[in-house]
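Trainee: Structure incoming, see below.
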Amino acid sequence: MFRTLRDEIDGIMARDPAARSRFEVALNYPSFHVLLFHRTAQWFWRRRMFLLGRWISQWGRFWTGIEIHPGARIGKRLFIDHGMGVVIGETAEIGDDVTLYHDVTLGGTSPSVDSDAQRNVKRHPTLEDGVIVGSGAQVLGPITVGANARVGANAVVVRDVQPNVTVTGIPAKAVMPKDKRTVKKFVAYGTTGDLSDPMVPAIEALRSQVNALTERIEELEAERDGREEPPAAKSA
Ligand SMILES: CC(C)(COP(=O)(O)OP(=O)(O)OC[C@H]1O[C@@H](n2cnc3c(N)ncnc32)[C@H](O)[C@@H]1OP(=O)(O)O)[C@@H](O)C(=O)NCCC(=O)NCCS
């Protein structure tokens, strides 16, 4: 169990540059706290102690601002950055290493259920491994967001998203096909990760100017040396 907890904490540290120590994460991160509530609530839920499961889940919501239904299936190292306002529905499924920002909903679109048979029907989305969902995004219905896909901030996703694709807008559409993706590992906020040093192009420009000036000086020196050639050398 301690190895699992350490794994969860390390997953948060790997994705939040602001996290400085495991102790800080354990003490201050709602993402870590809500998973403790969720695992406990789910334990009761799976043993058909539904009321107790919901009650513990609501305490988790009170403490963190994150509402996870005890029936939701959550993989390893889920990171919910900032947390407040996140809602994860009963039949939602989340793979490993998924990142959600604040105000994300993994919700249903179907009306309320009126029988146990309907209750078990999948109504909420599935997020495969490595998905990043930007702040305020709403992912609605029994759809699948493919592995490593990215959902832009404030998007409303109502259709399946292919793996490695970025979608934005309302309704969400692909803005970046998978063959254009350059991100191979997690980058905070889901950006493409063009993190090259902005000083490099400036230094390159200066270097080419210095080269041009050096060449011009050599030309001028050659001209001057030609003019200053001694008369004896000229007559020869
Ligand atoms: C969608 C996202 C992942 C794309 O990042 P990116 O790979 O760096 O892509 P770019 O910024 O180059 O944007 C690509 C295109 O999508 C548009 N776009 C980016 N994010 C958008 C969004 N949330 N909604 C609508 N359009 C968006 C850009 O304007 C650009 O359009 P263009 O090609 O017409 O110019 C990123 O913009 C995003 O929304 N990340 C979530 C960040 C977040 O939630 N932060 C909270 C931190 S607390």
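The values are calculated or read from the model by the stated rules, or taken from the named source; none is laboratory data. Model, not experiment: these values are computed from the prediction. Virtual Cβ from ideal backbone geometry, glycine too; neighbours counted across all protein chains shown. Remember, those area values only see protein heavy atoms, side chains included, never the ligands or the DNA or RNA. Shrake-Rupley method; radii C 1.70, N 1.55, O 1.52, S 1.80 Å.
Trainee: Which sequence of 140, 51 reflects their accessible areas, 1.4 Å probe, from the largest down?
Mentor: Working: 140 40, 51 150 Å².
Listed by decreasing accessible area, they come as 51, 140.
Trainee: If you take the alpha carbon radius of gyration of segment 30-149 and divide it by 2.2 N^0.38 Å, what ratio comes out, to two decimals?
Mentor: Rounded to two decimals, the normalised Rg is 0.98.
Trainee: Once the piece of chain linking residue 199 and residue 20 is laid out straight, how much longer is it, given 0.36 nm per residue of separation minus the C-alpha distance between them? Let's see the in-between values first.
Mentor: Working: separation 179, 0.36 × 179 = 64.44 nm, distance 2.75 nm.
The residue 199-residue 20 span can extend by a further 61.7 nm.
Trainee: Separate question: Quick check on the chain: helices-only [θ] at 222 nm, where DSSP H runs of length 4 and up contribute -39,500 (n - 2.57) each and the sum goes over total residues. Nearest 500, please.
Mentor: -12000 deg cm²/dmol
Trainee: Would you work out if segment 40-82 is rounded, prolate or oblate? Take a ≥ b ≥ c from the square roots of the eigenvalues of the alpha-carbon gyration tensor; rounded if a/c is under 1.5, else prolate when a/b is larger than b/c, oblate otherwise.
Mentor: Since a/c reaches 1.5 but b/c is at least a/b, the shape of segment 40-82 is classed as oblate.
Trainee: According to the square roots a ≥ b ≥ c of the eigenvalues of the Cα gyration tensor, what is the shape class of segment 135-174, taking rounded for a/c under 1.5, prolate for a/b larger than b/c otherwise, and oblate for the remainder? Before the final figure, lay out each step's value.
Mentor: Values: a/c = 1.65, a/b = 1.20, b/c = 1.38.
Note, shape of segment 135-174 comes out oblate.
Trainee: Which residue, 149, 205, 41, has the most motion in a Gaussian network model of the chain that connects Cα atoms within less than 10 Å?
Mentor: 205
Trainee: To the nearest 10 square angstrom, how much accessible area does residue 204 have with a 1.4 angstrom probe?
Mentor: 90 Å²
Trainee: Using a simple charge model, +1 on the beta-carbon of Lys and Arg, -1 on the beta-carbon of Asp and Glu, nothing else, what dipole does the chain show about its Cα centre, in debye to the nearest 20?
Mentor: On the way: 30 positive and 29 negative charges, 330 e Å.
About 1580 debye.
Trainee: May I pose another question? Return one number: the angle in degrees, 0 to 90 and rounded to the nearest 10, between the long axis of the Cα atoms of helix 30-46 and the longest principal axis of the Cα atoms of the chain.
Mentor: Value to nearest ten degrees: 30.
Trainee: With unit charges on the beta carbon (Lys/Arg positive, Asp/Glu negative), name the residue among 166, 9, 200 whose Cα is farthest towards the positive pole of the charge dipole of the chain.
Mentor: 9
Trainee: Still on this structure, please answer the following. Give the share of C-alpha pairs in each 10 angstrom bin for segment 1-90, from 0 to the last occupied bin, in whole percents, shortest bins first.
Mentor: 18, 50, 28, 4
Trainee: Also: Report, to the nearest 10°, how far helix 50-64 tilts away from the longest principal axis of the Cα atoms in the chain, using its own Cα long axis and a range of 0 to 90°.
Mentor: Computed tilt is about 40 degrees.
Trainee: Now a separate question. How are the C-alpha pair distances of the chain spread across 5 Å bins, as whole percents from the shortest bin up?
Mentor: Calculated P(r), rounded to whole percents: 1, 6, 11, 15, 15, 12, 8, 5, 3, 3, 2, 2, 2, 2, 2, 2, 2, 2, 1, 1, 0, 0, 0.
Trainee: Determine the percent antiparallel among the DSSP beta bridges restricted to the chain, to the nearest 5.
Mentor: Values: 3 of 28 bridges.
Around 10 percent antiparallel, to the nearest 5.
Trainee: Please calculate how many Å² of accessible area segment 2-190 carries per residue, with a 1.4 Å probe and no DNA, RNA or ligand atoms counted.
Mentor: Value for segment 2-190: 54 Å² per residue.
Trainee: Given a Förster radius of 41 Å and the C-beta distance between residue 110 and residue 2 as r, what FRET efficiency does 1/(1 + (r/R0)^6) yield to the nearest 0.05?
Mentor: Computed FRET efficiency for residue 110 and residue 2: 0.55.
Trainee: Related question: Whenever you get a sec, compute what percent of the accessible area on the chain sits on carbon and sulfur atoms (1.4 Å probe).
Mentor: Here carbon and sulfur together make up 57 percent of the probe-accessible area.
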